Each structure stands twice: as C-alpha cells, then as structure tokens.
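Each remark here refers to the structure printed beneath this line.
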Amino acid sequence: MTGRNRIGAVFGTVMLVLAAMLGFTASATAATAATGGQTLAEVRGTVASVMGTDVAAKGKQVAPGVLDFGGFIAKSATSAQLTCPYQYLCMEVRGTVFNFYTCGLWTVSNWYGTGPWNNNQTKGTVAKFYGQTGQEIWRTGPAPVSGSADWGPVWSLRPC
C-alpha cells in the first residue's frame, strides 16, 4: 500500500469511527441518497435560510451528510422517526434535523410546517420557544420528552 493510499485508508477509518460515535452508519448515509434526503449543500442552505448565512458559513462537515455549527448539528432527515442523542434537544424543521447541544438563545427565521421534536437532555431540563416579539410561546416538558410542533410561530429557542 502506498503512502497516499494508507493516508486515505486512515482518513476513511477515522470518518467511519466518528460517524459511528455520532450514531450514523454507512447504511444510514446510503438511505439518505436512496430516499431523497437533502444533500450537504441543501442542509447548509436550510441552515442559512433559518439561522442566517453567518451561522451557515461556520458549519464543518463531521461525518457524511452531517455539519457541526458549534452549538448544534444539522443533517438531512432520513426517516419517519427522530432519533436524538442523550444531552441534546433535537427537532426536524423543513426536512433538516437540528440537534442542539449548547445552551443559549438561538435566533431562527423561516421556520414553518410541523415536525417532531425530542428533548433528550439531562433529566428535568426544559427547552423554551419564543415568538417574534420574544415572548415565550411554549416549552417542552422536563426531559426526557418528545412531541410534535408547529414551527411557524417560533423565532428563537433556548435549549436549556
């Protein structure tokens, strides 16, 4: 095996290990393509549309079809069931799954439609969602809990 091939093999192995740590598999990535899931560019485009181009520019690819934006992860929604790692607040908006792992106020726009959410943060943590004028419009129950929401009225959120 040449040096270049060895580097490629090591890089591929590292990416597969990272994808497995994040809960993704090669078959899940293949399913995205097979089921018409969003491409990486489409995920970045959705993030730009709902969180701004300055946020979208910060996304780093951490696994096939997965971007980390330094506070949340975005990926294409590929199945009817929303899975959410422990200590995350996850939601599906416009065909993109957002997995928030950092507390703070996140401003969003152009959210519409309905979709599932899953508050799988540490036990008892409550996420809050705010309207256009900053008023709290709803909150999740204490973690762990999940449900479905109308994203239209949401203009910002605080995962914890």
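The values are calculated or read from the model by the stated rules, or taken from the named source; none is laboratory data. Quick caveat: nothing in here was measured; it's all calculated off a predicted structure. Cβ placement follows ideal geometry from the backbone for every residue including glycine, while neighbour counts extend to all protein chains displayed. For the accessible areas, the whole protein counts, side chains as well, though only heavy atoms, and no ligand, DNA or RNA atoms are used. Shrake-Rupley method; radii C 1.70, N 1.55, O 1.52, S 1.80 Å.
Structural remarks
- Those residues of the stretch 106-160 which are among the basic types (Lys, Arg) and not in a strand (DSSP E or B), in sequence order: LYS123
- Filter result for GLN121 (over 17 Å from GLY45 (Cβ atoms) and not aliphatic (A, V, I, L, M)): yes
- Condition met for TRP106 (touching a residue at least 24 places away in the same chain (Cβ under 8 Å), within 20 Å of VAL43 (Cα to Cα), touching an Asp or Glu at 6+ places or on another chain (Cβ under 9 Å) and not hydroxyl-bearing (Ser, Thr, Tyr)): no
- Screening the candidates TRP111, TRP117 for the property of being of a type outside the set (A, V, I, L, M), in contact with a Pro (Cβ under 9 Å, 6 or more places away or on another chain) and either more than 21 Å from ALA48 (Cα to Cα) or open to solvent by less than 80 Å² (accessible area, probe 1.4 Å) (or both) yields one hit, TRP111.
- Residue match in the stretch 68-83 (condition: without any contact (Cβ under 8 Å) to a residue 24 or more places away in the chain and open to solvent by less than 40 Å² (accessible area, probe 1.4 Å)): yes
- Selection from the stretch 56-67 of residues that are surrounded by fewer than 19 Cβ atoms within 10 Å (Cβ to Cβ) and within 18 Å of THR107 (Cβ to Cβ): ALA57, LYS58
- For the stretch 9-20, the criterion of being outside any strand (DSSP E or B) and either under 22 Å from PRO116 (Cβ atoms) or modelled with pLDDT of 85 or more (or both) is met by none of the residues.
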